[in-house]
Amino acid sequence: MELSGAEILWECLMREGVEVVFGIPGGANMPIYDAMLKYPVHHVLVRHEQGAAHMADGYARASGKVGVAMATSGPGATNLVTGIATAMMDSSPVVFITGQVHAHLIGGDAFQETDVTGITLPITKHNYLVTRAEEIAQVVREAFYIARTGRPGPVLIDICKNAQIQKTEFVYPEKVELPGYKPPRTAPKAQLQKAAQMIKESRRPVILAGHGLLISRAYREMQELAHRAHIPVAMTLLGIGSMPASDPLNLGMMGMHGEAYCNLAIQNADLLIALGMRFDDRVTGNLKTYAPHAKKIHVEIDPSEVHKNVVVDLPLFGDLRMVLSDLLSYVEESRHDEWLDQIGEWRAESDSRDIIYWPDDGKLYTAHVIRSIWEATRGQATLTTGVGQHQMWAAQYYPFEEPYRFITSGGAGTMGFGVPSALGVWFTDKTRDVWVIDGDGSFQMTQAELSTIVQEGAKIKIAIMNNHFLGMVRQWQEFFFDSRYAATPLHGPDFIKIAEAHGIPARRVTKPEEVMDALRFADQTPGPVLLDFWVEKEEAVYPMVPAGADLHNMIRRPARERTTA
Amino acid sequence: MQHTLIALVENKPGVLNRVASLFRRRNFNIESLNVGHTDRKDISRMTIVINSDEVDARKVEANLYKLVNVIDVHDVSTQPAVIRDLALIKVKAALDQRAEIANLASIFRGRIVDVAAESVIVEITGTEDKIESLVELLRPFGILEMVRTGQVAMLRGGYEPVRHTPGAGSNGHHPEEALEMD
Ligand SMILES: Cc1ncc(C[n+]2csc(CCOP(=O)(O)OP(=O)(O)O)c2C)c(N)n1
Ligand SMILES: [Mg+2]
């Protein structure tokens, strides 16, 4: 059957199970949009292409399915760039489809021509420039396969307008043939046995649980390993949810703003079992003094990550789920009570400094607000965040029992991720309780998507932790630049009026006693809600490992009397 | 130390750019990079020479594999290999100097491939050292222009290529199998 290139694109997207796409039309992708009307797909019209990218990314992270975002050529495509880089850094499977000028115009600086494959080369897992309709089916099939397999990542397809219009015979490719693409499977038996032996011999082991556990759906195998061999689990920011927060073996988050006892456990360990994490500088601190007594096992799907930052003793290449389930057949039961007692002592010391146990002093602290949101949502919400202090507090004070419930930009640290990614999450399951924990700075970067949320009637709760500052930068200025607040005070708009202009019910909260009432209001409001929490302006996130410092040399919150009142 | 890597890549537009971009992005320094055809139309062959320690060489290999269009990478640095570079050297040559230049070239099994009133072009094939020696000997005459292809390399018969990246080469499974993964 003869179809236009645009129709072939949609035929292929339907076969990939695509139900929702996020984007904006323009000159160079109009044939794609026109053909879309014939297919059962829901299109979400965003207000800025960055929003489309984060939505598709949020959709992908929450569901494990491939997200799809679309843009026209030139400025439409370049507006995607931040979102593509964000997806790349966090290995999120998103297919980006951009329109391009006619093939015969390429290279001639035609109207809205931009070298999109050139620009996105280093921030995609792979990309394609399609100049003929005949290529589309094969390319789309490959793009989805590449995006979701191996170490997932964004793939961009730039389709020339003539290729969208041309008609050609539609033949769906039976299989993907990529001679240079071989995602690994499991590690050799001898290595698995060696790993089991190292685990058996260790007295102070720690599992480092990364995003890979969620991506390859290997968290249950990891939990089994932890329980069977009695190994405490430290999580990266993106690994949060891989171990239930209430599990006694859970050490919470590691790294720059990790729990002090968690970082101390890592520094004193004699074995680190790193699972789907990449020893990012935000989790290791000074590499020279990182976990100096520990042997290191690194299970990784991407060979270029092994020995990149930390030289390890035993790399195991492969898909985490396959490697872990194979490894489990060699791992014996053991106990490490002494080690866990030691960690327990550190934990008690950490608790004594924890702001969560502070008595009500009339001030509104972000940590307390987030804990109240946790209570009000019975710990069952899915959170997305911006980037900054509020993001770290969300990671620290909203304990998750399940994976795929904490959606945040880790590797790229992209402010503005919160609102659009929440809409993407909502589309994976409209009954989900979706909350955005945002900063006043981050929120303003993509607040235009409020109208997208309203247009879609999405039930999303937005809680702005409004400290009237670019808080995280302010904190660095306080600690490392003698409190010289260069360009960090934010004179935000009236967020209540902004919400109301969109028809979104909103409340402002300035005192602790108003928090629960506002959360009840949010719960009872059927559609989107915005809450503007005027929190303490100059609070700092603790503990903090200054960039490049030793992981055990944390700036700690000054201890304070604990009361029960 | 010098590492010589052979990469087989799909012969598609943009692949050279992907490889070059990778080196820039990861901050690897290329000594030389040569691309040419193989006996198969759909596969090109790159010879990449880098000056780096062992750890970085492994990183280059692993990163090359991340490119979807890279089919195979092996390292010939530690094995017996035929390594060749070709140079064309245009040397200032008055009439009475031609014979001397031709002599020098022939010692290195080079030859004169072009003669003009005031210059000659010497062609030489060989290892880097050999070419450099000849260049030094020709320098006093005055080198007007020079071009080198960069090294190309091939393992000697009877040796198995060394692949360091796990899952590379024959250990990797086939794409059709991978499809069953999800
Ligand atoms: C797009 C982008 N620009 C700049 C930064 C640098 N940055 C990191 S945190 C931060 C402040 C964030 O302020 P806000 O969203 O209000 O969060 P807070 O730290 O106050 O909770 C900035 C500017 C960034 N991460 N992303
Ligand atoms: Mg702020």
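Determine which single condition A:Gly388 fails, assuming it passes every other condition in (1) within 16 Å of ligand 2 (Cβ to nearest atom); (2) farther than 24 Å from A:Val233 by Cβ; (3) out of contact with any helix residue (DSSP H, G or I) (no Cβ under 6 Å at 6 or more places or on another chain).
(3)
In segment B:4-20, which residues are of a type in the set (S, T, N, Q) and either more than 10 Å from every other protein chain (Cβ to nearest Cβ) or touching a Ser or Thr at 6+ places or on another chain (Cβ under 7 Å) (or both)?
Hits for segment B:4-20 are B:Thr4, B:Asn11.
Identify the single condition in (1) within 21 Å of A:Ala147 (Cβ to Cβ); (2) open to solvent by 10 Å² or more (accessible area, probe 1.4 Å) that A:Asp34 does not satisfy, given that it satisfies every other one.
Looking at each condition in turn, A:Asp34 falls short on (1).
B:Lys41 fails exactly one of the following numbered conditions: (1) closer than 30 Å to B:Phe141 by Cβ; (2) of a type in the set (D, E, K, R); (3) not in a strand (DSSP E or B). What is the number of that condition?
Condition not satisfied by B:Lys41: (1).
Do you know which residues across segment A:459-488 are more than 10 Å from ligand 2 (Cβ to nearest atom), touching a Lys or Arg at 6+ places or on another chain (Cβ under 8 Å) and not in a helix (DSSP H, G or I)?
Passing the criteria: A:Lys459, A:Tyr485.
Could you please give the count of residues in segment A:369-385 that are within 16 Å of ligand 2 (Cβ to nearest atom) and either assigned to a helix (DSSP H, G or I) or touching a Leu at 6+ places or on another chain (Cβ under 7 Å) (or both)?
2
Quick check on segment A:144-163: of everything there that is closer than 22 Å to A:Arg132 by Cα and within 10 Å of chain B (Cβ to nearest Cβ), which residue is surrounded by the most Cβ atoms within 10 Å (Cβ to Cβ)?
My answer is A:Val155.
Quick one: would you say A:Phe417 is closer than 18 Å to A:Gly67 by Cα and either crowded, with 23+ Cβ neighbours inside 10 Å or at pLDDT below 95 (or both)?
In short, yes.
Which residues, counting only those in segment A:140-187, are in contact with a strand residue (DSSP E or B) (Cβ under 7 Å, 6 or more places away or on another chain) and modelled with pLDDT under 95?
Once the filter is applied, which keeps residues that are in contact with a strand residue (DSSP E or B) (Cβ under 7 Å, 6 or more places away or on another chain) and modelled with pLDDT under 95, segment A:140-187 yields A:Pro179, A:Gly180, A:Pro184, A:Ala187.
For A:Ala486, indicate whether it is crowded, with 24+ Cβ neighbours inside 10 Å and within 15 Å of ligand 1 (Cβ to nearest atom).
no
Only one of A:Val545, A:Val509 is open to solvent by less than 50 Å² (accessible area, probe 1.4 Å) and in contact with a strand residue (DSSP E or B) (Cβ under 7 Å, 6 or more places away or on another chain); which?
So the residue among A:Val545, A:Val509 that is open to solvent by less than 50 Å² (accessible area, probe 1.4 Å) and in contact with a strand residue (DSSP E or B) (Cβ under 7 Å, 6 or more places away or on another chain) is A:Val509.
Applying the selection to segment A:315-339, what residues are surrounded by 18 or more Cβ atoms within 10 Å (Cβ to Cβ) and closer than 21 Å to A:Pro232 by Cβ?
A:Leu316, A:Leu320, A:Val323, A:Leu324, A:Leu327, A:Val331, A:His336, A:Trp339
Considering segment B:61-80 alone, what residues qualify as being open to solvent by 20 Å² or more (accessible area, probe 1.4 Å), at the interface with another protein chain (Cβ under 10 Å from one of its Cβ atoms) and either of a type in the set (Ser, Thr, Tyr) or touching a Ser or Thr at 6+ places or on another chain (Cβ under 8 Å) (or both)?
Scanning segment B:61-80 gives B:Tyr65, B:Lys66.
Give the residue, chosen from A:Thr408, A:Thr428, A:Thr384, A:Thr366, that is crowded, with 19+ Cβ neighbours inside 10 Å, away from ligand 1 (no atom under 16 Å from the Cβ) and more than 14 Å from chain B (Cβ to nearest Cβ).
A:Thr428 is the lone residue from the list that is crowded, with 19+ Cβ neighbours inside 10 Å, away from ligand 1 (no atom under 16 Å from the Cβ) and more than 14 Å from chain B (Cβ to nearest Cβ).
Residue under question is A:Lys167, and the condition is that it be within 26 Å of A:Leu121 (Cα to Cα) and more than 14 Å from every other protein chain (Cβ to nearest Cβ); does it hold?
Taking the combined requirement at face value, the residue does not satisfy it.
Six or more apart or on different chains, Cβ atoms under 7 Å: show the pairs whose first residue is in segment A:303-322 and within 7 Å of another protein chain (Cβ to nearest Cβ) and over 23 Å from A:Ser242 (Cα atoms) and whose second is among the hydrophobic types (A, V, I, L, M, F, W, C) and surrounded by fewer than 20 Cβ atoms within 10 Å (Cβ to Cβ).
Going by the 7 Å Cβ cut-off, the qualifying pairs are A:His307/B:Val55.
If I filter segment A:539-562 for residues that are more than 19 Å from A:Met392 (Cα to Cα) and free of Cβ contacts under 8 Å to residues at least 24 places away in the same chain, do I get at least one hit?
So far as segment A:539-562 goes, yes, one or more of its residues are more than 19 Å from A:Met392 (Cα to Cα) and free of Cβ contacts under 8 Å to residues at least 24 places away in the same chain.
Which of the residues that make up segment A:38-71 are open to solvent by 10 Å² or more (accessible area, probe 1.4 Å) and either over 18 Å from A:Thr149 (Cα atoms) or not assigned by TED's automatic domain parsing to the domain that holds A:Thr149 (or both)?
A:Lys38, A:Tyr39, A:Pro40, A:Val41, A:His42, A:His43, A:Leu45, A:Arg47, A:His48, A:Glu49, A:Gln50
Are any residues in segment A:451-470 within 16 Å of ligand 1 (Cβ to nearest atom) and open to solvent by less than 10 Å² (accessible area, probe 1.4 Å), and if so, which ones?
A:Ile462, A:Ala463, A:Ile464, A:Met465, A:Asn466, listed by residue number.
With the checklist (1) touching a Lys or Arg at 6+ places or on another chain (Cβ under 9 Å); (2) within 14 Å of chain B (Cβ to nearest Cβ) in hand, flag the one item A:Leu287 doesn't pass.
Checking A:Leu287 against (1) touching a Lys or Arg at 6+ places or on another chain (Cβ under 9 Å); (2) within 14 Å of chain B (Cβ to nearest Cβ), the one that fails is (1).
The values are calculated or read from the model by the stated rules, or taken from the named source; none is laboratory data. What you see is a predicted model, and the numbers here were worked out from it, not measured in a lab. Note that each Cβ is placed from the backbone with ideal geometry, even for glycine, and that neighbours are counted across all protein chains shown. Accessible surface is based on the protein model in full, side chains and every heavy atom, while ligands, DNA and RNA are left aside. Shrake-Rupley method; radii C 1.70, N 1.55, O 1.52, S 1.80 Å.
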